[in-house]
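S.K.: Attaching a single structure in structure tokens format; questions to follow.
The values are calculated or read from the model by the stated rules, or taken from the named source; none is laboratory data. These figures come from a predicted structure and were not determined experimentally. Glycine gets a Cβ as well: all are built from the backbone with ideal geometry, and neighbour counts include every protein chain shown.
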Amino acid sequence: MMNILVTGGAGNVGSALVDRLVSDGNRVVVLDNLLTGSLTKLPQNDNLTFVKGDANIDSTVSELMHSMHFDYVFHYAAVVGVQRTLENPVMVSTTSTVSGISST
Ligand SMILES: NC(=O)c1ccc[n+]([C@@H]2O[C@H](COP(=O)([O-])OP(=O)(O)OC[C@H]3O[C@@H](n4cnc5c(N)ncnc54)[C@H](O)[C@@H]3O)[C@@H](O)[C@H]2O)c1
């Protein structure tokens, strides 16, 4: 069993990954601000912990990192779509990188 953090785990890609990780017996923490994601996408599982928070806030990420000692981090928190990118270019850009972890 591994400890795994999935940012954006309530989104389309992240939730599919979370589903597989918990069914494989891992302990998973999802960090998501629910901007576009939904709790309904997450499986009900004792090994899953949901944390509502912003992956762009260093203190949120650092507190989780220090308390949980993750074996792996999957960064899927993102603001996607052409319209959202045109309307929020800075937010789109900052969300794709979390404290040195880049999804691009
Ligand atoms: N959907 C695809 O087919 C696909 C394919 C390849 C790669 N990707 C990449 O996967 C990533 C996720 O895409 P998706 O389709 O799952 O998008 P999505 O919008 O379904 O999921 C993104 C998740 O991130 C969360 N989020 C947004 N900002 C956040 C923040 N600041 N802090 C915490 N959570 C935040 C949203 O609430 C949402 O749950 C993107 O980088 C995308 O480019 C997607």
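S.K.: Within the range 31-42, can you find the residues that are within 8 Å of the ligand (Cβ to nearest atom) and either exposed (fewer than 13 other Cβ atoms within 10 Å of the Cβ) or β-branched (Val, Ile, Thr) (or both)?
M.R.: Those that are within 8 Å of the ligand (Cβ to nearest atom) and either exposed (fewer than 13 other Cβ atoms within 10 Å of the Cβ) or β-branched (Val, Ile, Thr) (or both): 34, 36, 38.
S.K.: Name the residues in the range 1-48 that are of a type in the set (Asp, Glu) and part of a loop (DSSP other than H, G, I, E, B), would you?
M.R.: Residues satisfying the conditions are 24, 46.
S.K.: Would you mind stating whether residue 5 is over 9 Å from the mean Cα position of the chain (by Cα) and either buried (at least 23 other Cβ atoms within 10 Å of the Cβ) or within 16 Å of residue 76 (Cβ to Cβ) (or both)?
M.R.: no
S.K.: For the range 52-94, enumerate the residues that are in contact with a helix residue (DSSP H, G or I) (Cβ under 7 Å, 6 or more places away or on another chain) and farther than 14 Å from residue 13 by Cα.
M.R.: 53, 54, 55, 56, 84, 85, 92
S.K.: Continuing with the same structure: Could you check how many residues of the range 54-70 are within 20 Å of residue 92 (Cα to Cα), surrounded by 13 or more Cβ atoms within 10 Å (Cβ to Cβ) and touching a residue at least 24 places away in the same chain (Cβ under 8 Å)?
M.R.: 4
S.K.: Looking only at the range 1-15, count every residue that is within 8 Å of the ligand (Cβ to nearest atom) and not β-branched (Val, Ile, Thr) and tell me the total.
M.R.: Total meeting the criteria: 7.
S.K.: Do we have residue 51 as within 11 Å of the ligand (Cβ to nearest atom), surrounded by 12 or more Cβ atoms within 10 Å (Cβ to Cβ) and part of a strand (DSSP E or B) here?
M.R.: yes
S.K.: Looking at 91, 68 in this structure, which one is more than 10 Å from the chain's Cα centre (by Cα), closer than 17 Å to residue 1 by Cβ and modelled with pLDDT under 90?
M.R.: Being more than 10 Å from the chain's Cα centre (by Cα), closer than 17 Å to residue 1 by Cβ and modelled with pLDDT under 90 holds for just one of 91, 68, which is 68.
S.K.: Restricting attention to the range 16-30, report how many residues are surrounded by 14 or more Cβ atoms within 10 Å (Cβ to Cβ) and either near the ligand (Cβ under 6 Å from one of its atoms) or of a type in the set (Gly, Ala, Ser) (or both).
M.R.: Qualifying residue count for the region: 0.
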